[in-house]
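Shown next, in structure tokens, is the structure this report addresses.
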Amino acid sequence: MVPKPTFSEEIGSLLHAAHSNPLKTCIQCGTCSGTCPVAKFMDHSPRRVIAMINAGLKDRVLNSNTFWYCASCYYCTVRCPRGIDIAGLMYALKRYSIWKNRYQEGLVGPVFSETFVKTIMKSGRSYEPVLATSYLFTFGVPEFLQEAQTATNLMLKGRIPVLPPRIKRLENFRRMVRRIIPIGGAS
Amino acid sequence: MKTYAYFPGCSLEKMALSYHQSAIETTRMLGVELKELEDWNCCGATAYFHVDELLAHTLCARNLAMAEQEHLDVVAPCSGCYKNLYFARADLGRDPDLAEHINYALEEDNLHFTGSSAVRHLMEVFVDDVGLEELKTKVTQPLDGLRVAPYYGCQILRPRKNHEDVEQPRFFEDLLTAIGAVPVEYALRLRCCGGALILTSRRSALSLVRNLLQSAVESGAAVIATACPLCQVNLECYQKQVSQEFGTEFSIPVVYFTQLVGLAFGIPPKSLGIGSELVSTRDVLSYAAK
Ligand code: SF4
Ligand code: SF4
């Protein structure tokens with residue numbers, strides 16, 4: 001029997017699609033972690049996650065909040081001396097975890113992303129009030145009230161749409177999507 | 001007159017309407033026409049790429065193919081849209097199999113991607129395509145002495161597109177100087193505002209916003225200028241939350257660069273969407289109306 005790909009090979013091949021250098025070339029210099037503005041909120045810094053992937057620690061990587069806390073600022077990517085696309089890696093890990101339906105409990109990121117995709121499928125454009133449903137429930141009372149206050153102020157300034165926008169050739173658009181993902185969430 | 005296919009993006013329809021209005025007004029004075037792409041769709045933001053990259057590229061390719069039909073280059077005012085459209089074009093351009101797959105889907109909307117339309121950020125139209133010398137000839141109300149913190153944010157610069165200087169850019173400062181304002185130097189001008197983390201991991205994003213506001217305020221800036229709707233919203237609309245969370249007291253206006261350019265061109269503030277902000281811009285306006 002042919003050996004199954006390891007976790008690090010799986011992630012490596014996802015990253016390959018992003019035209020990055022392989023994770024195995026990482027020298028653990030820590031430039032990415034030192035650059036990352038969100039590192040102190042992450043369970044493991046970007047450098048550490050790369051070491052963990054290379055060591056095959058799949059469960060610990062998937063259970064971490066690291067990649068869902070990545071803001072996609074690409075600072076690490078432009079600075080890595082080995083040409084590793086760390087931001088691309090964080091995207092790859094997000095996709096991998098959605099694909100496997102495995103992520104740390106309580107994270108808003110995965111729910112938000114999936115809600116977003118459904119909104120686009122429905123109308124071709126995004127619409128803030130629907131997106132809000134994916135994260136508002138995670139807020140405590142003070143945060144919720146604050147959010148409501150900000151939303152009200154924005155509404156008063158005419159900055160929140162009342163009706164969801166829609167593209168005109170929506171039927172074509174949906175058929176287009178179905179050619180990419182034949183059974184996908186276009187319904 | 002140079003014409004572009006204008007891709008406003010979802011935010012500019014409402015949340016950042018003032019960016020849209022000021023973009024249209026200022027480019028018109030520069031002899032540039034922004035012709036809105038008919039029936040454009042969402043570029044996928046970041047969230048779409050979390051779920052499926054192929055589909056996200058398809059969304060971008062549909063917009064690019066529509067611009068190609070009109071033989072126009074695309075201009076995006078939002079840095080996120082710009083980055084997505086730019087790299088969709090680049091990735092499809094270097095991967096014929098990917099382009100073929102996506103073109104098969106685009107047939108459903110009678111479209112075909114070839115890569116003939118280039119992708120520009122709105123700021124590039126001002127700085128590179130029109131040029132600052134030309135822009136200066138339209139300045140009638142230079143914003144003399146107005147101290148502005150130019151906030152680049154991320155995706156207008158990163159990932160690297162061609163050869164540009166991603167560590168020490170100066171184009172935003174140069175633009176501000178051209179309209180008479182004083183660009184202040186501050187450490188965090190290229191740091192992230194948190195982007196969509198403001199929705200998905202509130203605390204971490206608020207801390208990034210706080211650091212940025214602090215850095216700008218300490219440099220003596222009277223206003224922050226941005227070139228992206230997400231940055232504008234994060235930096236302006238969450239100042240109250242930041243204050244609550246960190247016990248600080250920030251109240252610094254955050255405007256689009258096109259609004260400052262418009263004021264320097266002598267365009268009435270109302271036509272630039274000024275008046276829809278949550279933090280008052282009164283002090284900024286006092287520099288324009290002399
Ligand atoms: S910057 Fe690059 S080489 Fe250095 S630790 Fe991060 S990924 Fe590894
Ligand atoms: S792209 Fe993500 S991991 Fe890299 S520096 Fe930015 S937030 Fe950190």
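With labels modelled as points extended 7 Å from the Cα through the Cβ direction, what inter-label distance (nm, one decimal) is found for A:Phe139 paired with B:Glu218?
If labels sit at A:Phe139 and B:Glu218, their model points lie 3.0 nm apart.
How charged is the neighbourhood of B:Lys240? Take every other residue with its Cβ under 11 Å from the Cβ of B:Lys240, and add Lys/Arg as +1 and Asp/Glu as -1.
-4
For n ≥ 4 DSSP H runs only, could you compute -39500 (n - 2.57) per run for chain B, divide by its residues and tell me the 222 nm figure to the nearest 500?
-13000 deg cm²/dmol
Between B:Glu38 and B:Lys161, what is 0.36 nm times their sequence separation minus the Cα-Cα distance? Round to one decimal in nm.
The span from B:Glu38 to B:Lys161 would gain 41.6 nm if fully extended.
Taking a point 7 angstrom from the Cα of B:Ser280 along the C-beta vector, which residues in the range B:237-251 have backbone N less than 13 Å away?
What the label zone holds, given the 13 Å backbone N cut-off, is B:251.
Looking at the range B:243-265, which residues lose a minimum of 50 Å² of accessible area between their chain alone and all protein chains in place, measuring with a 1.4 Å probe and not counting ligands or nucleic acids?
none
Please give the peptides A:32-44, B:255-267 ranked by average Cβ packing (other Cβ atoms within 10 Å per residue), highest first, as a rough proxy for protection.
Taking the mean over residues of other Cβ atoms within 10 Å, the ranking is B:255-267, A:32-44.
B plus A alone minus the pair: what accessible area, both sides summed, probe 1.4 Å, in Å² to 100?
Rounded to the nearest hundred, the buried surface is 6100 Å².
Could you state the angle between the C-alpha long axis of helix A:109-123 and the longest principal axis of the C-alpha atoms of chain A, as a value from 0 to 90 degrees rounded to the nearest 10?
50 degrees
To the nearest 500 deg cm²/dmol, what mean residue ellipticity at 222 nm is calculated for chain A from DSSP H runs of n ≥ 4 alone, each contributing -39,500 (n - 2.57), summed and divided by the residues?
Value at 222 nm, helices only: -15500 deg cm²/dmol.
Compute the label zone of B:Gln69 within the range A:157-180: residues whose backbone N is under 13 Å from the point 7 Å along Cα-to-Cβ.
A:168-170, A:172-173
Kindly flag which residue pairs out of A:Lys118/B:Lys240; A:Lys118/B:Lys270; A:Lys94/B:Lys240; B:Lys35/B:Lys138; A:Lys118/B:Lys83; B:Lys138/B:Lys161 have an alpha-carbon separation exceeding 26 Å in this structure.
Going by Cα-Cα distance, A:Lys118/B:Lys240; A:Lys118/B:Lys270; A:Lys94/B:Lys240; B:Lys138/B:Lys161 fall outside the 26 Å limit.
Place a point 7 Å from the Cα of A:Lys168 along the Cα-to-Cβ direction; which residues of the range B:31-59 have their backbone N under 14 Å from it?
Zone members listed by number: B:36-41.
With label points built 7 Å along Cα→Cβ from the Cα atoms of B:Arg28 and B:Leu132, find their separation and express it in nm.
Rounded to a tenth, the inter-label distance reads 2.7 nm.
Under a Cβ-Cβ cut-off of 12 Å, what is the net charge of the residues other than A:Pro22 that fall near it, where Lys and Arg count +1 and Asp and Glu count -1?
Taking every other residue near A:Pro22 into account, the sum is 0.
Largest first, what is the accessible-area ranking of A:Arg95, A:Arg102, B:Arg160 with a 1.4 Å probe?
Largest accessible area first, the list is B:Arg160, A:Arg102, A:Arg95.
Counting only protein heavy atoms and using a 1.4 Å probe, what share of the accessible area of chain B belongs to carbon plus sulfur, as a whole percent?
49 percent
Per residue of the range B:246-257, what does 6.51 cos²θ - 1.76 cosθ + 1.60 with θ = phi - 60° give for ³J(HN,Hα)? Whole Hz please, x for Gly and Pro, Karplus curve as stated.
Karplus values, whole Hz, x for Gly and Pro: 10, x, 9, 10, 9, 8, 10, x, 10, 10, 7, 4.
Could you work out, residue by residue across A:114-121, how many beta carbons of other chains sit within 10 Å of that residue's beta carbon, and then give the average as an integer?
The shielding value for this peptide is 5.
With a 1.4 Å probe and all protein chains kept in place, how much accessible area does B:Lys161 have, in Å² rounded to the nearest 10?
30 Å²
Across the residues of A:33-41, average count of Cβ atoms on other protein chains within 10 Å?
For this peptide, the per-residue mean of nearby foreign Cβ atoms is 4.
Just to check I understand the Karplus step: with θ = phi - 60° and J = 6.51 cos²θ - 1.76 cosθ + 1.60, what whole-Hz values come out for the range B:69-85, glycine and proline as x?
Working through the residues one at a time gives 4, 8, 6, 10, 6, 9, 10, 10, x, 8, 5, x, 4, 4, 4, 5, 5 Hz.
Taking each residue of B:142-155 in turn, how many C-beta atoms of other protein chains fall within 10 Å of its C-beta, and what is the average?
That works out to 1 on average.
With a 1.4 Å probe and all protein chains in place, put B:Thr248, A:Thr31 in order of accessible area, largest first.
A:Thr31, B:Thr248
The values are calculated or read from the model by the stated rules, or taken from the named source; none is laboratory data. From a predicted model like this one, the values you see are computed outputs, not experimental measurements. FYI the Cβ positions are ideal-geometry reconstructions off the backbone, even for glycines, and counts take in every protein chain you see. Just so you know, the surface numbers come from the protein's heavy atoms only, side chains and all, with ligands and any DNA or RNA stripped out. Shrake-Rupley method; radii C 1.70, N 1.55, O 1.52, S 1.80 Å.
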